[in-house]
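Sharing a structure, written as structure tokens. Questions coming.
The values are calculated or read from the model by the stated rules, or taken from the named source; none is laboratory data. Keep in mind that what you see is a predicted model, and the values were worked out from it rather than measured. Glycine gets a Cβ as well: all are built from the backbone with ideal geometry, and neighbour counts include every protein chain shown.
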């Protein structure tokens, strides 16, 4: 029987239950790390660092989790802040040298190649638009959930997605065949 997130959070808050927090990490680390890899152009080391920072901050600030959103949504908000803070510290757009990424094409690794091409295409967008596109198109979050995660107006999220979608389609046109 699986314990739900709310019960695990209660155990952490009441008893500082490290096993309960480890279970939350196990549940969400793979999806979170994958999303961060998409945002960083498949820079696995950076994505892992940002994921670790996200979970450390989540544990440290779990008392602030109000439960008015899903835990995973709250966790993504922290990940977004970590990613945005990293970007600001670097004072430039995160870039990945295209030569470092494997060439994509229609091979037996087509699914992996698609994900790499998607990450490469996302690098053409500013971080906020990149995050909105990834969360909506790749992770299936609603506009409302994205607005909560990114702590920005719903209209801004809609604009990011509406304006970014045609450019993303153009960048991914090789996959439309």
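May I ask you to say which residue of 38, 29 is under 12 Å from the mean Cα position of the chain (by Cα), in contact (Cβ under 8 Å) with a residue 60 or more places away in the chain, assigned to a helix (DSSP H, G or I) and closer than 29 Å to residue 89 by Cα?
Result: 38 is the single residue among 38, 29 that is under 12 Å from the mean Cα position of the chain (by Cα), in contact (Cβ under 8 Å) with a residue 60 or more places away in the chain, assigned to a helix (DSSP H, G or I) and closer than 29 Å to residue 89 by Cα.
Only one of these is part of a loop (DSSP other than H, G, I, E, B) and surrounded by 14 or more Cβ atoms within 10 Å (Cβ to Cβ): 125, 118. Name it.
125
If residue 51 passes every condition in (1) more than 23 Å from residue 124 (Cβ to Cβ); (2) touching a residue at least 40 places away in the same chain (Cβ under 8 Å); (3) under 14 Å from the mean Cα position of the chain (by Cα) but one, which one does it miss?
(2)
Every residue in the range 140-164 that is surrounded by 18 or more Cβ atoms within 10 Å (Cβ to Cβ) and either touching a strand residue (DSSP E or B) at 6+ places or on another chain (Cβ under 9 Å) or not in a helix (DSSP H, G or I) (or both), please.
Result: 141, single match.
So is residue 167 over 24 Å from residue 86 (Cα atoms), touching a helix residue (DSSP H, G or I) at 6+ places or on another chain (Cβ under 6 Å), surrounded by fewer than 17 Cβ atoms within 10 Å (Cβ to Cβ) and at pLDDT 90 or above or not?
No, not satisfied.
Something else: Looking only at the range 14-26, how many residues end up being free of Cβ contacts under 8 Å to residues at least 12 places away in the same chain and either in contact with a strand residue (DSSP E or B) (Cβ under 8 Å, 6 or more places away or on another chain) or assigned to a helix (DSSP H, G or I) (or both)?
Here the count works out to 6.
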